[in-house]
Amino acid sequence: MKVVESDEGEILDIELNEDFLRRNRELAEENRKLLDQHNVRAIDVMGSIGSGKTSLIMHLVTRLSGRHKIAAIAGDLTTTIDAERISSSGANVIEVNTGRECHLDANLVRKAFSELNLEEIDLLFIENVGNLICPADFPLGAHQRVVVISVTEGPYMVVKHPFIFIDADAVAINKIDLSQAMGVKVEQLEQQLLVIKPGLKVAKTNFMTGEGTEGLIEALGL
Ligand code: MG
Ligand code: ZN
């Protein structure tokens, strides 16, 4: 099989510019300091469009709002659909519209902080833009990263996107009720995840019903 590969620095993509990535990491560290000063734990929620990021946050807000003061930042290209859904579960939500950007970056998250009262919360969910590629390269300053994958993304989605899982603290394999119809084995996805990152915490979920939410709460130590 003939394979065409790009050489280092050859891709005409501003996102791969080392200066941009370094500047983002610096801003992410500043975000982390600000969060720590206010005793806020932040969780970056990543995954494809339609994998279940918003539903995950809604279930966590519902289960945890008794013992945490929660806010959320919802990243999306142009719509406020996710922010409105999360808001309906009871959390204070700041919408961040990224326009054409296919990921959140530390600067946008910092701007969202200025719309939140960090003194009033202790847990912050950040819903990243639906994308499995570049969010991995843009830390936001969050303390933990969770990736939501869905069996509807097929049997090869894990092996095709290793980088998003390397820095993840937990993964939710969602829509497990559809695994048979999709011909995707949940255990196989879990095995592939553990090859990429041994010890990774994996929760098997169905966020239509909330099944598995407790396992995810445990995986994240919330
Ligand atoms: Mg969403
Ligand atoms: Zn991007």
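Details
- Shown here for the stretch 144-222: chymotrypsin sites (Phe, Trp or Tyr not before Pro) in loop regions (DSSP other than H, G, I, E, B) with at most 16 other Cβ atoms within 10 Å, namely 156.
- Restricting the calculation to alpha carbons of the chain gives Rg and Dmax of 17.2, 57 angstrom.
- Cross-link partners of residue 53 among lysines, defined as those whose alpha carbon lies under 26 angstrom from its own and excluding same-chain residues fewer than eight positions apart: 33, 69, 111, 160, 175, 185, 197, 201, 204.
- Assuming charge only on the beta carbon of Lys and Arg (+1) and of Asp and Glu (-1), the dipole of the stretch 18-220 about its Cα centre is about 280 debye to the nearest 20.
- 102, 134 arranged by Cβ crowding within 10 Å, fewest neighbours leading: 102, 134
- Packing-based exposure ordering (other Cβ within 10 Å, fewest first) of 51, 89, 65: 65, 89, 51
- Residues 18, 153, 101, 120 arranged by fewest to most Cβ contacts within 10 Å: 18, 120, 101, 153
- Multiplying the residue separation of residue 80 and residue 166 by 0.36 nm and subtracting their alpha-carbon distance yields 28.0 nm.
- Centre separation in Å (Cα based) which lies between the stretch 101-148 and the stretch 11-77: 2
- Projecting the Cα atoms of 184, 51, 209 onto the dipole axis of the stretch 18-220, where Lys and Arg carry +1 and Asp and Glu carry -1 at the beta carbon, places 184 farthest toward the positive end.
- The stretch 18-220 - share of DSSP beta bridges that are antiparallel (%, nearest 5): 5
Laboratory data are not the source of any read-out in this text; all were calculated from the coordinates shown. Bear in mind the structure is a predicted one, so any value in this text is a computation, not a measurement. Neighbour counts run over all protein chains shown; Cβ positions are idealised from the backbone, glycine included.
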